[in-house]
Every structure is written in structure tokens, then in C-alpha cells.
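The values are calculated or read from the model by the stated rules, or taken from the named source; none is laboratory data. All values reported here derive from a predicted model rather than from experimental measurement. Cβ placement follows ideal geometry from the backbone for every residue including glycine, while neighbour counts extend to all protein chains displayed.
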Amino acid sequence: MTNNVTGQDEFDDGASLNATMTALGVSARNAFQEISNIRTDSKNIALLEAAKAIRESAQTLKTANTKDINLAKKNNTPESILDRLFLDNTRIEAMAAGLEKIATLDDPIGAIMAEWVQPNGLRIQRVRVPLGVIGIIYEARPNVTADAGGLCLKAGNVAILRGGSDSFHSSSAILECLQRGLKISKLPAGTIQLVPTIDRAAVGKMLTMDDKIDVIVPRGGKSLIERVQKESRVPVIAHLDGNCHVYVDRHADIEMAKSVVLNAKMRRPGICGATESLVVDQSSATNLLPPIIAALTEAGCEIRGDAPTRALDDRVRPATEDDWSTEYLDAIISIKQVDGLNEAIKHINQYGSHHTDSIVTSDKSAATKFLKNIDSAIVLHNASTQFADGGEFGMGAEIGISTGRLHARGPVGVEQLTTFKYIVRGNGQVRP
């Protein structure tokens with residue numbers, strides 16, 4: 001089955017939606033039987049041809065994206081979401097380069113993770129295999145269409161993509177490029193499919209398709225994640241909100257701290273790796289905070305702080321208890337002063353979302369303690385939280401940052417989209 005993308009707001013009746021979604025699932029299952037053990041070069045050809053198609057279709061992609069942007073503006077979409085939605089030549093090139101990077105990665109399928117021989121002579125291997133049919137539900141970011149489709153393909157999986165209504169035209173145009181790669185490589189069109197409607201009922205249907213879909217990966221706002229976790233009958237790899245922190249230790253270099261915090265907050269405030277809270281050692285705050293506050297203010301960032309921080313600069317607005325646990329996804333940051341490293345760790349573990357947190361310090365022992373005791377998927381030393389990205393980790397791309405503990409944690413790339421099975425070879429052994 002190929003995608004006949006309609007963009008209709010809703011189907012005439014539930015039966016039509018059920019039929020469409022069932023057809024997607026059947027097509028995906030059939031495709032998985034064919035590609036789960038396909039040759040690596042066939043997958044790589046599809047990825048490289050898709051990258052080529054994305055570059056060649058840059059103007060088409062931008063035209064489709066303009067439709068989405070204009071509709072989003074009419075709906076008074078926040079600037080942070082518009083930034084996620086926007087495609088320009090740089091971001092289009094990044095999509096193509098990401099697919100090319102995925103093609104260069106080692107194929108995980110069939111890799112032997114461990115092997116041993118039992119005393120009875122049984123030879124046992126633990127071998128990587130695909131997860132199966134993966135449903136990806138995402139909002140705003142059209143680049144997820146390319147990232148998710150490419151990663152699933154490289155790991156021998158099939159992808160059913162359900163992009164947000166706000167990125168429907170962009171995602172549909174990107175899908176056409178991916179489909180061109182599949183066609184040239186003679187892989188089934190059902191390998192990467194896009195749900196052909198913006199009807200929200202399609203999400204609910206996906207969450208109950210446990211006979212067709214093996215894993216659901218949601219990527220979006222807190223309300224989407226909560227809905228998926230509540231309603232899904234399919235196992236979920238969750239990407240929760242990114243309430244990320246930078247802790248500026250008493251031994252931090254002022255210029256480094258200013259540079260890291262400014263980048264962590266303001267490079268792209270609307271992404272999940274953007275820092276939302278700044279935590280500072282109160283013993284050095286009078287030296288460390290003024291230049292950081294000045295740089296953030298000059299960059300257009302609203303600052304909300306506790307009483308000691310407000311005493312340093314009257315431009316700082318009062319912070320409430322809710323600010324410590326808020327993911328702003330905007331040019332807003334909260335600042336909390338703490339009594340040393342132990343209190344910083346306690347504060348971050350209590351209020352953070354266990355996504356990404358960083359310490360700025362020249363004290364190696366303080367850095368080691370922070371990295372060991374912060375309970376987050378990604379922890380950094382002297383680096384911006386905006387490095388929380390599969391591409392920056394050398395994975396080519398990512399489907400999301402998993403904040404859960406089971407199966408995958410951190411950037412979900414090719415290797416995280418696999419599971420394993422045991423292969424046992426004997427010579428006639430029977431169990432006594």
C-alpha cells in the first residue's frame with residue numbers, strides 16, 4: 001500500500017477510519033516480513049536516494065512548509081512551535097545529511113551481542129533483531145518524518161508515522177522523498193507510511209492496534225505523552241518533557257558559565273534540550289550571576305528568580321514554586337540559588353524531568369559527583385544541554401530522547417530500535 005494522503009479533517013464515519021488504519025497495519029506487517037533481514041546495501045541505497053530526493057525537492061518542501069506555517073499563524077501558534085515547524089535550506093540539508101549519516105552507521109541487525117558455551121556443549125548467542133512495526137506519533141517537527149523513517153529502516157523496522165496536523169503538508173512532502181528511495185532500492189512502499197489524515201481519532205486507533213504495531217514512540221508535548229501512556233495497549237518508549245538544568249558551581253569559570261548558559265537557553269528555546277532552570281551556588285552568586293543575567297537579558301530572555309537573585313538585579317521577576325518544574329519552551333528561565341553541590345543535586349532531581357542536566361565547574365571531584373548522582377538520561381560537564389541530540393552524539397539522527405528506564409534511555413537511535421533473540425546450537429543434547 002502506498003500513502004494516498006488526503007489531509008481530510010475527519011472521515012465520514014468510524015468504519016472508514018478503521019479500514020484505513022487496518023490497511024496501514026496490514027501493509028506494514030507485510031513489509032516487515034520482507035525487510036527485517038534485508039541486505040544492508042539495499043537499506044543504505046534507499047537512505048542515500050531519499051537524501052538525494054530531499055535535496056532535489058528543497059523548493060517543493062519549502063512550499064509545503066509555507067502552507068503549514070501560514071495555517072499555524074492563523075491559529076495563533078506560539079513562536080516556539082513555529083520555530084520547530086519551520087523548514088529552510090539549512091534544516092532541509094540537515095535532514096538529507098542525517099539520512100546519509102544513518103547510511104554510514106554499522107547495521108545492528110544480526111550483530112552478536114554475547115556468546116558462550118555451556119558445560120553441556122550448547123553454544124548460545126544473543127543476537128540483535130528489529131523491534132518490528134513502530135508507530136511514531138509526533139507534533140510540529142516535520143524533520144522527524146525523515147529521522148524516524150530513516151532510523152527505523154536502518155534497524156530493519158517498519159514505520160507508521162503520525163505527524164501533527166500543523167506539519168501535515170511538510171511531512172507529506174518529506175514522505176514522498178522517502179518513498180522515492182524505497183522505490184529505487186526495490187523495497188516495499190509499506191516500509192515507511194504516513195497516516196493519511198489529520199483526524200485525531202487516528203491517534204486513538206493506533207494506540208489500540210496491538211496486533212499490528214509492536215512499539216509506540218510519542219514525541220511531543222506533555223498532554224500527548226500523557227494520553228499515549230494512559231490509552232496505549234502497545235508498549236511505549238516515552239519522551240517526557242525536557243525541564244533541563246545548568247548548575248553553575250562555585251568553581252566555575254565566569255566566561256565559560258556565561259557562554260554555556262546563554263547557548264543552553266537561547267540557541268533554540270523551543271527544543272526539549274533547552275535549559276529551563278539555572279541553579280547557582282549561593283556562595284559565589286554575587287560574582288557569577290550578574291554577567292549571566294546581563295547576557296540573558298540582552299538576548300531577550302525573561303528571567304524569573306528567587307529572592308536572593310532578584311536582589312542582584314531588579315529586572316528579575318519573582319519565581320513561584322511552579323517555575324522550578326516548568327518546561328517553558330520559550331525565552332524564559334528560572335534561577336535558583338542553592339547551598340552547594342548537594343543541594344543542587346537534590347533540587348534538580350526533585351524538580352527536573354530526568355532529561356538533560358549540566359554542571360559548569362573546574363572542580364573534577366564536583367563534576368564526578370554531579371554526573372554520578374543526577375538521575376537523568378543525559379548529564380554533561382562544561383557543555384550546553386542543547387547537545388542532547390542523537391545527531392550530536394554521532395547517531396545520525398534520533399526519534400526522541402527517552403526519559404524512561406526500560407529498553408532505551410537517552411537518544412533513541414538505530415541501536416535503541418532493536419531488541420534481541422537467543423540462538424542456541426547443539427549436537428543432540430536433551431535435558432535430564
Can you spot a residue in region 186-196 that is charged (D, E, K, R) and surrounded by fewer than 24 Cβ atoms within 10 Å (Cβ to Cβ)? yes
Evaluate the following for Leu71: is it out of contact with any Ser or Thr (no Cβ under 7 Å at 6 or more places or on another chain) and within 23 Å of Glu139 (Cα to Cα)? yes
Which is out of contact with any strand residue (DSSP E or B) (no Cβ under 6 Å at 6 or more places or on another chain), assigned by TED's automatic domain parsing to the domain that holds Ala159, farther than 24 Å from Ile102 by Cα and in contact (Cβ under 8 Å) with a residue 12 or more places away in the chain, of Leu71, Leu61, Leu85? Leu71
Scan region 108-117 and tell me whether some residue there is closer than 30 Å to Pro432 by Cα and among the acidic types (Asp, Glu). yes
Matching residues in region 224-282 - criterion: being at pLDDT below 90 and of a type in the set (D, E, K, R): Glu226, Asp241
Quick one: which helices (runs of 4 or more DSSP H) sit completely within region 33-94 and have at least 1 residues that are under 15 Å from Ile184 (Cα atoms) and in contact with a His (Cβ under 7 Å, 6 or more places away or on another chain)? none
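Residue by residue, here is whether (1) within 13 Å of the chain's Cα centre (by Cα); (2) crowded, with 23+ Cβ neighbours inside 10 Å; (3) of a type in the set (A, V, I, L, M, F, W, C); (4) under 21 Å from Ala111 (Cβ atoms) holds:
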site: Leu371; (1), (2), (3), (4): no, no, yes, no
site: Arg405; (1), (2), (3), (4): no, no, no, no
site: Val412; (1), (2), (3), (4): yes, yes, yes, yes
site: Arg425; (1), (2), (3), (4): no, no, no, yes
site: Gly428; (1), (2), (3), (4): no, no, no, no
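Among the residues of region 207-233, write down those that are polar (S, T, N, Q) and touching a Lys or Arg at 6+ places or on another chain (Cβ under 8 Å).
Result: Thr208, single match.
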If you go through Gly242, Gly270, Gly190, Gly204, the only one that is over 30 Å from Glu34 (Cβ atoms), out of contact with any His (no Cβ under 9 Å at 6 or more places or on another chain) and not in a strand (DSSP E or B) is Gly270
Which residue pairs have Cβ atoms closer than 6 Å, lie 6 or more positions apart in sequence or on different chains, and pair a first residue in region 26-41 that is surrounded by 17 or more Cβ atoms within 10 Å (Cβ to Cβ) with a second residue that is part of a helix (DSSP H, G or I)? Ser27/Gly190; Ala28/Gly190; Ala31/Gly190; Ala31/Thr191; Ile35/Thr191
Determine if region 169-182 includes at least one residue that is without any contact (Cβ under 8 Å) to a residue 60 or more places away in the chain, surrounded by fewer than 23 Cβ atoms within 10 Å (Cβ to Cβ) and in a helix (DSSP H, G or I). no
In region 126-157, how many are farther than 28 Å from Ile81 by Cα and touching a Phe, Trp or Tyr at 6+ places or on another chain (Cβ under 7 Å)? 6
Which one of these does Asp83 not meet: (1) modelled with pLDDT under 95; (2) more than 23 Å from Glu139 (Cβ to Cβ)? (2)
Please work out which residue is surrounded by the fewest Cβ atoms within 10 Å (Cβ to Cβ), limiting yourself to region 263-287 and to residues that are of a type outside the set (Val, Ile, Thr) and more than 22 Å from the chain's Cα centre (by Cα). Asn287
Please verify whether region 400-415 includes one or more residues that are hydroxyl-bearing (Ser, Thr, Tyr), closer than 19 Å to Asn243 by Cα and touching a helix residue (DSSP H, G or I) at 6+ places or on another chain (Cβ under 7 Å). no
What pairs can you find where one residue is in region 327-356 and at negative phi, the other is among the basic types (Lys, Arg) and modelled with pLDDT under 95, and their Cβ atoms are less than 9 Å apart, with a gap of 6+ or different chains? Glu327/Lys222
Does any residue of region 211-223 turn out to be over 13 Å from the mean Cα position of the chain (by Cα), in a helix (DSSP H, G or I) and surrounded by fewer than 22 Cβ atoms within 10 Å (Cβ to Cβ)? yes
